[in-house]
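Everything below concerns the one structure shown next.
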Amino acid sequence: MRISWRLGSGHVESVNNYLGVLVPLEEAHLYSQAAKSGKAGQNQPSDGDDEGDDVKDGDHEMEGMLQNNLNEYSIEGLRKETRQGGQGKWTAYEIKSKLINKAIGDIGMGRYNWQLFILCGFGWFADNLWMQGISLTLPSLSAEFGIAEKTVRYTTSALFVGLSAGSFFWGIGSDFLGRRIAFNLTLVITSVFGILAAYAQSWGSVCFFFGALGFGVGGNLPVDGALFLEFLPDASSSLLTLLSVWWPVGQLAASLIAWFFIANWPVEQGWRYFVLTMGIITFAMFIVRFFIFHLFESPKFLLNHGRQNEAVAVVHGLAYRNNTKTWLTSEILDQVAWNEDEPETSHVSRQVVPASTSNVIKEKLKGFSGERLRPLFKTRTLGTATLLIWFCWAAIGMGYPLFNAFLPQYFSRAHADAEGKGPQSETDAISAETYRNYAITSLLGVPGSLLAAYSVDHPSPFLGRRGTLASSTLLSAIFLFLFVVYGTTPNTQLFFSCVEAFAQNIMYGVLYAFTPEIFPAPVRGAGTGVASFLNRVTGLMAPVLAATVPGDGATTPIFISAALILSAFIGMCMIPIETRGAQRL
């Protein structure tokens, strides 16, 4: 097992590695999803027949869904089907992407997809594990290093500096470095610097290590979501939303581990054991990803980088791992995508010519230029959706941590007031009741992710991607206002925070699934990376605002949080694309 292979280089996938999975095209209908569900003999009308040329330019991202009709498993049938919608104006890459989607859909959900669901879930788990975990160390850091109550909140800013850099680098970088190298490196960077943070001897060094681990963990959400999406059959698209269930589980794990260590060890030891434990857990997840699981590179990434034969080999490998068959070949891709008006089928079919190391590095560095983002504004519809989804990410990025990053302090203040002790100092020990309420709040977020997975594909006009996203965001904003106005006792705060966690996990679950679906695969990492980057940059400003806002810092930050979440709701209502049931290119 070569390390270079695991990092995404030094190994070329070949169809010869997966002999026995290929079936002739004329037998493909026997292995289609329709055949597996007992509907192989049914003629399903295609989405594009009713709309024809009435589809507006820019809306073609949502058209051309491939149906599992046995009559379509011929070169001519596939050629006709892949050109439906969008006035027939599809590029060779888009046509081949649709064929790969169809092949993956016919393979269906299997062992590899479920393993990938768990391993991508590790990234979501690690993201919230560290984000909430670091907020739980603030009282201990304040007490051990003598940092003022508001000043210690800048520790969270250090984390967000790393998160911002990581989401930008790994998000855009995954579009030209590959999904696999980002997938494998993010967790090891997080775990190494997390473990080192447990041995830091000053507040400054703690902030440095937290920022460094943030660079690693910041790449998990944009990369893991895009990778999982590109191996996900269309019929199982709601699983991308379900992937967000790992996020509240990470928060729950952080609260339980902190409760055990910080509440039962001396102030200078408890937080160190807590951070060390999170680092070891993260490293264990890296071991599983890197040494135990054989990850395939994204076929969309390979296709877009002129490695068509490898993309086909990955689909063969997927069929092999799922113990089924596939009909896809490189020849079929070329024949279906061939256009009589173009002598050359496409640049996509060309294979990569080996280059020197220096030239490879130069080419990869060019990927960080602004040209990477230009395709996101190719059409008015896509450009408008891009700007609005980025705005929503930015608004939520500041609004979410203004409430959640300091929720233990809000709980502690309410407990102190209820017991007649006056204002709670952040250097005081957090009570067991506070940890209990924080754990309950974390637990109530899990059903939110489950409900989101159900509602995103619901045919109701009030649900789907946009409807579910907007309604959950509005509910979140309302209960933030209620938390401030009526959350005057520990019990009322617990109730409002539980509803808030439920709504926010629906919101984030749909947002993380909806965002990569909007962007085409060649710039999917860039689009989601910029969204995540904006989310982290505005999140970086949240602790600064919370530390400098006049007053006790327990009400104004939450009011600002509610206003920001409400503005995101308005932006969501204006997004012109609904990806429910749409083809992902």
If we keep only residues of the stretch 187-203 that are part of a helix (DSSP H, G or I) and open to solvent by less than 10 Å² (accessible area, probe 1.4 Å), then the residue farthest from Ala226 (Cα to Cα) is Ala197
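Kindly provide the set of residues from the stretch 277-302 that are in contact with an Asp or Glu (Cβ under 9 Å, 6 or more places away or on another chain) and open to solvent by less than 10 Å² (accessible area, probe 1.4 Å), ordered by number. It would help to see each step written out before you state the result.
Narrowing the stretch 277-302 to residues in contact with an Asp or Glu (Cβ under 9 Å, 6 or more places away or on another chain): 296-302.
Phe296, Ser298, Pro299, Lys300, Leu302 - these are the residues of the stretch 277-302 that are in contact with an Asp or Glu (Cβ under 9 Å, 6 or more places away or on another chain) and open to solvent by less than 10 Å² (accessible area, probe 1.4 Å).
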Just one listed residue, out of Thr434, Thr427, Thr386, is buried (at least 23 other Cβ atoms within 10 Å of the Cβ), modelled with pLDDT under 85 and either part of a loop (DSSP other than H, G, I, E, B) or under 33 Å from the mean Cα position of the chain (by Cα) (or both), and it is Thr434
Expected output for the stretch 186-210 (first residue farther than 21 Å from Gly529 by Cα, partner outside any helix (DSSP H, G or I) and open to solvent by less than 50 Å² (accessible area, probe 1.4 Å), Cβ below 8 Å, 6+ apart or cross-chain) is Trp203/Ile147; Val206/Ala200; Phe208/Ala200; Phe209/Ala200
Selection from the stretch 308-357 of residues more than 18 Å from Pro24 (Cβ to Cβ), touching a Lys or Arg at 6+ places or on another chain (Cβ under 9 Å) and either modelled with pLDDT of 80 or more or not in a loop (DSSP other than H, G, I, E, B) (or both) yields Gln308, Ala311, Arg321, Asn322, Asn323, Ala337, Trp338, Val348, Ser349
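Is it the case that some residue within the stretch 445-458 is over 24 Å from the mean Cα position of the chain (by Cα) and either open to solvent by 20 Å² or more (accessible area, probe 1.4 Å) or closer than 25 Å to Trp130 by Cβ (or both)?
First, pick out the residues of the stretch 445-458 that are over 24 Å from the mean Cα position of the chain (by Cα): none.
There is no residue in the stretch 445-458 that is over 24 Å from the mean Cα position of the chain (by Cα) and either open to solvent by 20 Å² or more (accessible area, probe 1.4 Å) or closer than 25 Å to Trp130 by Cβ (or both).
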Going through the stretch 170-186 in order, the residues found to be within 11 Å of Asn220 (Cα to Cα) and either surrounded by fewer than 24 Cβ atoms within 10 Å (Cβ to Cβ) or touching a His at 6+ places or on another chain (Cβ under 7 Å) (or both) are Asn184, Leu185
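Taking the options Trp124, Trp114, name whichever one is open to solvent by 30 Å² or more (accessible area, probe 1.4 Å), within 21 Å of Ala226 (Cα to Cα) and at pLDDT 85 or above. Give the derivation first.
Numbers: Trp124 fails: open to solvent by 30 Å² or more (accessible area, probe 1.4 Å).
Checking each option against the conditions leaves just Trp114.
For the stretch 167-186, what are the residues that are among the small types (Gly, Ala, Ser) and either in a helix (DSSP H, G or I) or at pLDDT 85 or above (or both)? Break it down stepwise before answering.
Going through the stretch 167-186, the residues among the small types (Gly, Ala, Ser) turn out to be 167, 171, 173-174, 178, 182.
Once the filter is applied, which keeps residues that are among the small types (Gly, Ala, Ser) and either in a helix (DSSP H, G or I) or at pLDDT 85 or above (or both), the stretch 167-186 yields Ser167, Gly171, Gly173, Ala182.
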Here, helices (runs of 4 or more DSSP H) confined to the stretch 206-267 with at least 3 residues that are farther than 19 Å from Gly525 by Cβ are 238-242, 246-262
Matching residues in the stretch 481-492 (surrounded by fewer than 16 Cβ atoms within 10 Å (Cβ to Cβ) and more than 12 Å from Ala562 (Cβ to Cβ)) number 5
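Tally up the residues in the stretch 542-558 that are crowded, with 17+ Cβ neighbours inside 10 Å and in a helix (DSSP H, G or I), please. Even if it seems obvious, please write down each step before you answer.
Here is the first cut: in the stretch 542-558, the ones crowded, with 17+ Cβ neighbours inside 10 Å are 542-543, 545-547, 549, 553-554, 557-558.
Of the ones still in play, those that are also in a helix (DSSP H, G or I) are 542-543, 545-547, 557-558.
So the answer is 7.
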Q: Please work out if Leu242 is surrounded by fewer than 23 Cβ atoms within 10 Å (Cβ to Cβ) and more than 22 Å from Met507 (Cβ to Cβ).
A: no
Expected output for the stretch 493-507 (first residue within 17 Å of Val245 (Cβ to Cβ) and open to solvent by 10 Å² or more (accessible area, probe 1.4 Å), partner among the aromatic types (Phe, Trp, Tyr) and modelled with pLDDT under 90, Cβ below 7 Å, 6+ apart or cross-chain) is Asn505/Trp247
Residue pairs within 7 Å by beta carbon, gap of at least six or interchain, first lying in the stretch 451-470 and within 18 Å of Ser244 (Cα to Cα), second in a helix (DSSP H, G or I) and open to solvent by 50 Å² or more (accessible area, probe 1.4 Å), listed first then second, are Ala470/Cys573
Test: Glu517 is acidic (Asp, Glu) and either surrounded by 18 or more Cβ atoms within 10 Å (Cβ to Cβ) or in contact with a strand residue (DSSP E or B) (Cβ under 6 Å, 6 or more places away or on another chain) (or both): yes
Flagged pairs (Cβ under 7 angstrom, 6 or more apart or on separate chains; first in the stretch 322-344, within 14 Å of Arg79 (Cβ to Cβ); second among the small types (Gly, Ala, Ser) and at pLDDT 80 or above) are Ala337/Ala92
Here the qualifying pairs (Cβ atoms under 7 Å; residues six or more apart or on different chains; first in the stretch 99-127 and over 16 Å from Ala311 (Cβ atoms); second among the aromatic types (Phe, Trp, Tyr) and assigned to a loop (DSSP other than H, G, I, E, B)) come out as Asn113/Phe231; Gln115/Phe293; Leu116/Phe231; Leu119/Phe293
Of (1) more than 22 Å from the chain's Cα centre (by Cα); (2) open to solvent by less than 10 Å² (accessible area, probe 1.4 Å); (3) over 30 Å from Ala197 (Cα atoms), Leu318 fails just (1)
Selection from the stretch 135-154 of residues among the hydrophobic types (A, V, I, L, M, F, W, C) and within 15 Å of Ser442 (Cα to Cα) yields Leu136
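The values are calculated or read from the model by the stated rules, or taken from the named source; none is laboratory data. Predicted, not measured: the structure shown is a model, and the values here were computed from it. Cβ coordinates were reconstructed from backbone atoms using ideal geometry, including for glycine residues, and neighbour counts include every protein chain displayed. Note: accessible area is taken over every heavy atom of the protein model, side chains too, but ligands, DNA and RNA are not part of it. Shrake-Rupley method; radii C 1.70, N 1.55, O 1.52, S 1.80 Å.
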